[in-house]
Amino acid sequence: MTIPSDTEILALLVRLDRVPADALESNWLDFKPWKSAKEDLKVAIEYAVCFANGQGGVVVFGVDDFTTGRSKAIHGVRNYDLDVWRRGIFDAARPNLPVEVSELSVPEGTGKLLVVRVAEKEDGVLYGTAGGLFKRRVGKNCMPIDPQAFMRQSIQTAAMDWSGALAVGVVIGDLDPIEIARGRQIAERLRPQSELSRLPDSEFLTALGSLRDGRVTHTGLLLFGKEPVLAKSCPQHLVQYVWQPGETQVARNDQFRSGLLHVLDRIEQIFSSPANPEHEITLGLQKLRIPSYHPDVVREAVLNAVTHRDYSDTGKVLIRQLQNELVLTSPGGFMAGITPQNILRHEPKSRNGTLANAFLKLGLVESAGVGRKRIFILSLSLGKKTPIYESDGHSVTLRIFDGSYDENMAKLVASCREEGREVSLDSLLILSHLRQNAFLESGTAARLLQVSITQAREILDQLAQPRTGILERRGHTKAATFHLAKGIAKDLLGKAAYTKTRGLNPIRYAEMVKAYLEDHRSVSPQECRELLGLGESQSAKVEISRYLRAWSSGTEAFLMPEGHGAKRRYSLIEPDTD
């Protein structure tokens, strides 16, 4: 059900002979008796705010809500001014609330009902009365709500940009000149063509969203606030780094409460130290360095964690380095619509748009949504395991893996780039999968690439084109499978890999089946697939069915089908002795 129209309200009034108006009320509709224009305007303000904090709704004046019998219940309204009501509701709501006030003609009473209609609001703003009354529609009632609880919900759902709101009690003098200078240096280094770093302080801070109308925002506080001010005005801001080289060992435990630019600098220092050792492999005349954790991956992961965290949550951003993985956890679940299964493809959303925009202007991020893809691309390019996103609804965790790496994968990607051929994220995900699996079909590819099956087929077909040279297709139906192309398989898995993956030459299939049947009375389609090394994919089932039909009919047939359905088997046709 939705907000009822005037026509729907008139249809409901027909039922007043059987039930009172109270029984017709809903989450979107309320009836009120008429007392006087002045007194009922106060009621209208309260209910307008109530509906605005919910899903919108209508309050109808001139109907007694507890009287049964239409002629008795409908008494109508009198001595009102529509413009006075519209202006009165608008002015008395905080913030101001535009509503529709109109008349509805009925045959009973004074002949008129007064309808106050409140549209559903999508701004996530909490509405109250000038007297500080906050209510929300719950079922058929307007219930008091806690403004702080509503604010937390608005921040969690990004209905309100917390990072762009003013930091209460914080003034420009609470910002650290050293951190402002750090911001300028970052902008000058990463955005040398921009005028940002050369602006005066007030303009520099305003351009970053750190000041609004000369007052400090939460973004300004987080980026440039002095540490004591941050501790007092934003105590939930904490980034903790823990290094656990063993299950019960803690080699390092740092807690950072300074401005975010300073925190990022400290984290980068950690991952430029012995805590992040490098491996070196030879690539022709070049050396390819493979750090345990790519510094750019760490930076992107930390930026994501502090940008998208829920600052209404008292939790901290935790960076836990274990023996073979780096685990980053930030407060707040995924934004609505985003899941671990679609995070690489979903349009970017941010709880803290002003903070995200500041990082963009400084050059710390390239574009919204690129960072998470960059984490995957850099990790997979070095032959690392695929990063994993997880969420329990209250926090988001990103796991980045160290441990072993695939030298052949790293060399292959580096060689392609040296030749000017960029390896896309789709290609990296597929190559990483085929390092461990003989083939890939469209269903698995769709889950792996986080796209529809149709899109997965298009991507696989494109990668199987001769100019791409990454995959080869096996089968001609929608159930076709794909395996590594000869050159890629040789470089990635070794010389024998392509032959094993591609399987027997189809020319030898009939010969193999005949030899099998000389030792066994019959063969099933499943046994036939096993014999020929086709596997259990849907494509393999379609392919073997096609071969079995061909071998069972025509002048060259050598098989005799026996049984039906799942019990069908095939035996050799007995030679004609006549």
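The values are calculated or read from the model by the stated rules, or taken from the named source; none is laboratory data. Keep in mind that what you see is a predicted model, and the values were worked out from it rather than measured. We place every Cβ from the backbone using ideal geometry, glycine too, and count neighbours over all the protein chains shown. Each accessible area value is taken on the protein alone, full model and side chains, heavy atoms only, with ligands, DNA and RNA left out. Shrake-Rupley method; radii C 1.70, N 1.55, O 1.52, S 1.80 Å.
As a length-normalised measure over Cα pairs under 8 Å and 6 or more apart, the relative contact order of the chain settles at 8 percent.
Given a 1.4 Å probe and the protein chains as shown, Arg374 ends up with an accessible area of around 60 Å². Using the Cβ-Cβ distance between Gln236 and Gln269 with R0 set to 25 Å, the FRET efficiency from 1/(1 + (r/R0)^6) comes to roughly 0.55.
Working note: Debye formula, equal point scatterers on the alpha-carbon atoms of the range 1-121, no solvent; log10 I(q)/I(0) at q = 0.11, 0.14, 0.16 Å⁻¹ is -0.32, -0.53, -0.69.
The mean of 1/r over all distinct Cα pairs in the range 230-335, once inverted, gives the Kirkwood hydrodynamic radius of 15.1 Å.
Would you rank Thr68, Thr354 by solvent-accessible area, highest first, keeping every protein chain in place and using a 1.4 Å probe?
Of Thr68, Thr354, the descending order of accessible area is Thr68, Thr354.
Rounded to the nearest 0.05, the FRET efficiency derived from the C-beta distance between Glu103 and Lys349 at R0 = 51 Å is 0.75. With both labels modelled 7 Å from their Cα along Cα-to-Cβ, the Ala550 to Gln538 distance reads 2.3 nm.
Using a cut-off of 21 Å between Cα atoms, the listed pairs Lys121/Lys316; Lys384/Lys411; Lys232/Lys349; Lys32/Lys121; Lys384/Lys490; Lys112/Lys135 include Lys121/Lys316; Lys232/Lys349; Lys32/Lys121; Lys112/Lys135 as exceeding that distance. A Förster radius of 56 Å, combined with the Cβ-Cβ distance separating Val250 from Ser571, puts the computed FRET efficiency at roughly 0.25.
Using heavy atoms of the protein chains and a probe of 1.4 Å, the accessible area assigned to Thr248 is about 130 Å². Ligands, DNA and RNA are left out, and with a 1.4 angstrom probe the accessible area of the chain is 50 Å² per residue. The share of accessible area on the chain that comes from carbon and sulfur is 50 percent, using a 1.4 angstrom probe. Along the Cα-to-C-beta direction of Gln465, a point sits 7 Å from the Cα; which residues of the range 425-450 have their amide N less than 15 Å from that point? Flagged as within label range: 427.
Would you work out which of Ala11, Trp551, Ala92 lies farthest towards the positive end of the dipole of the chain, given +1 charges on the beta-carbon of Lys and Arg and -1 on that of Asp and Glu, about the Cα centre? The residue sitting most towards the positive pole is Trp551. Calculated mean residue ellipticity, 222 nm, the chain: -11000 deg cm²/dmol, from DSSP H runs (n ≥ 4) at -39500 (n - 2.57) each, averaged per residue and rounded to 500. No disulfide-compatible partner, judged by a Cβ distance under 4.7 Å, exists for the following cysteines of the chain: Cys234, Cys416, Cys528.
From the coordinates of this entry, Cα Rg over 2.2 N^0.38 Å is computed, and it appears in [x] 1.22; [y] 1.04; [z] 1.38 under the label [z].
Could you rank the peptides 249-255, 73-79, 166-172 by their average count of other C-beta atoms within 10 Å per residue, with the highest value first? Please list the in-between numbers first.
On the way: 249-255: 11.0, 73-79: 18.6, 166-172: 14.9.
Listed from highest to lowest mean packing, they are 73-79, 166-172, 249-255.
Consider all pairwise Cα distances in the range 27-97 and report the whole-number % of them above 14 Å.
That tail contains 61 percent of the Cα-Cα pairs.
Remark on the range 274-377: hydrodynamic radius 15.5 angstrom, per the Kirkwood mean of 1/r across alpha carbon pairs.
With loop membership from DSSP and a limit of 13 other Cβ atoms within 10 Å, the longest segment of the chain without GluC sites (Glu not before Pro) is 1-119. Pairwise Cα distances in the range 259-316 exceed 20 Å in 42 percent of cases. For Ile573, the accessible area of its heavy atoms, probed at 1.4 Å with every protein chain present, is near 70 square angstrom. Against the longest alpha carbon principal axis of the chain, how many degrees, from 0 to 90 and to the nearest 10, is the axis of helix 370-381 turned? Long axis of 370-381 versus the principal axis of the chain: about 20 degrees.
Relative contact order for the range 399-464: what is it in percent, counting Cα pairs under 8 Å that are at least 6 residues apart? Please list the in-between numbers first.
Details: 25 pairs, mean separation 13.5, N = 66.
After rounding, I find 20 percent.
Once you keep just the Cα pairs under 8 angstrom separated by 6 or more residues, what percentage relative contact order results for the range 258-302? Contact order relative to length: 36 percent. Roughly what would the spin-label model give for Leu285 and Ala336, points 7 Å off Cα along C-beta, in nm? Here the answer is 5.9 nm between the modelled labels. Between Gln526 and Asp213, the modelled labels are 7.3 nm apart [label points 7 Å from Cα along Cα→Cβ].
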